[in-house]
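**Q** The structure follows.
Computed from the coordinates by the stated procedures, all read-outs in this text should not be read as laboratory data. Source: prediction; values computed, not measured. Neighbour counts are summed over all protein chains in view; Cβ atoms, including those assigned to glycine, are modelled from backbone coordinates with ideal geometry.
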């Protein structure tokens, strides 16, 4: 099956600065992939190459089997930039109508109504952008990214301006997109959100992928916590496979074991292991 996005040996330099240094990975159909990394890691350059806004120095990228930047590839992408702007005088309906024209969508009023309903803006179709909160504008941005039923959504910090209810809405939208076979490449610094919605993550540092896998795979074990009559103790470095031996040893020594818990690291631990601490 043709991946929704494929990067093969992507390299890109701006003068003496290497933004990407041989990046390769794929996003399968219906997969939600998180693209993580500190500022300057190469995430934005990668998204711009996928959209055809920037050409790589070497290597290649494909969207739905077509060269990135080609008309079929552009038609397969829905994009929400981190710093997007809509005309302040335009209504929500007018913004979507404009993007339907740009995308060549024939969905008309029915598509606009459906998208506004999905992002909880059904009652705000005639409200002007200038009168919207930042969160409402963010949700409108998500709606415009879905115009034309793209195969791949490129989302840059889509929940940065949203409250908890808005973030839950985005998670539900991504789950619905996944169920329809739509792929998502999501860039975010909110690791907790990424951990909740992404099937897999790729971590960039200095233009290279330094770690990748599912959030569960990347979370490293932090030891085993054991509760006995003497209280709580942590056996650092132990993992799930060590639990039967640990319990057997304690019981063999006459200890009463009241509870055992495997302590696993989260995505934040994996991220910091991969990129290191960022100096203040």
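**Q** Once you order the gyration tensor axes a ≥ b ≥ c over the Cα atoms, which shape class does region 1-136 get: rounded for a/c under 1.5, otherwise prolate or oblate by comparing a/b with b/c? Don't jump to the answer; show the numbers that get you there.
**A** Working: a/c = 2.38, a/b = 1.77, b/c = 1.34.
Note, shape of region 1-136 comes out prolate.
**Q** For a quick check: sort 256, 167 by the number of other beta carbons within 10 angstrom, fewest at the front.
**A** Ordered from fewest to most neighbouring Cβ atoms within 10 Å, 256, 167 come out as 256, 167.
**Q** For region 154-273, just say rounded, prolate or oblate: build the C-alpha gyration tensor, square-root its eigenvalues into a ≥ b ≥ c, call rounded for a/c under 1.5, and beyond that prolate if a/b exceeds b/c, oblate if not.
**A** prolate
**Q** Three principal axis extents, largest first, for the C-alpha atoms of region 221-264, in Å?
**A** Over region 221-264, Cα extents along the principal axes are 27, 18, 13 Å.
**Q** Is it possible to state the helix-based mean residue ellipticity at 222 nm for the chain, with each DSSP H run of 4+ residues giving -39500 (n - 2.57), the sum divided by total residues, to the nearest 500 deg cm²/dmol? What is it? All intermediate terms of the calculation are to be shown ahead of the outcome.
**A** Numbers: 10 runs with 95 residues, N = 280.
About -10000 deg cm²/dmol.
**Q** Ok, one more. Defining a contact as two alpha carbons under 8 Å apart and six or more residues distant in sequence, what relative contact order in percent does the chain show? Write out the running numbers ahead of the final one.
**A** Values: 544 pairs, mean separation 58.4, N = 280.
Relative CO of the chain lands at 21 percent.
**Q** By DSSP, what percent of the beta bridges with both residues in the chain are antiparallel, rounded to the nearest 5?
**A** Rounded to the nearest five, the antiparallel share is 65 percent.
**Q** Per q in 0.16 1/Å, what log10 I(q)/I(0) does a Debye calculation on the alpha-carbon atoms of the chain return?
**A** So the normalised log intensities are -1.20.
**Q** Using only Cα atoms, find the angle between the long axis of helix 108-118 and the longest principal axis of the chain, and express it within 0 to 90 degrees, rounded to the nearest 10.
**A** 30 degrees
**Q** Region 201-280 to region 163-198: how many Å between their Cα centroids?
**A** 26 Å
**Q** I'd like the FRET efficiency for residue 272 and residue 101, computed as 1/(1 + (r/R0)^6) with the beta carbon distance as r and R0 of 45 Å, rounded to 0.05.
**A** Working: r = 45 Å, r/R0 = 0.99.
After rounding to 0.05, the efficiency reads 0.50.
**Q** Over the alpha-carbon set of region 172-240, work out the extent along each principal axis and list the three values in angstrom, largest first.
**A** Principal extents (Cα only, largest first): 52, 32, 19 Å.
**Q** Among 17-29, 139-151, 232-244, how do they line up by average Cβ neighbours within 10 Å per residue, starting with the highest?
**A** The most tightly packed comes first, giving 139-151, 17-29, 232-244.
**Q** Need the full-extension length gain, residue 128 to residue 258, defined as separation in residues times 0.36 nm minus the C-alpha distance. One decimal, nm.
**A** 40.8 nm
**Q** Could you work out how far the C-alpha centroid of region 46-114 sits from that of region 123-159, in angstrom?
**A** Going from one Cα centre to the other spans 12 Å.
**Q** Let me ask you something else. To the nearest 0.05, what FRET efficiency results for residue 235 and residue 189 with a Förster distance of 35 Å applied to their C-beta separation? Intermediate values should be presented prior to the final figure.
**A** Details: r = 33 Å, r/R0 = 0.95.
That gives a FRET efficiency of 0.55.
**Q** Can you tell me the FRET efficiency between residue 21 and residue 66 if r is taken as the Cβ-Cβ distance and R0 is 25 Å, rounded to the nearest 0.05?
**A** The value I calculate is 0.50.
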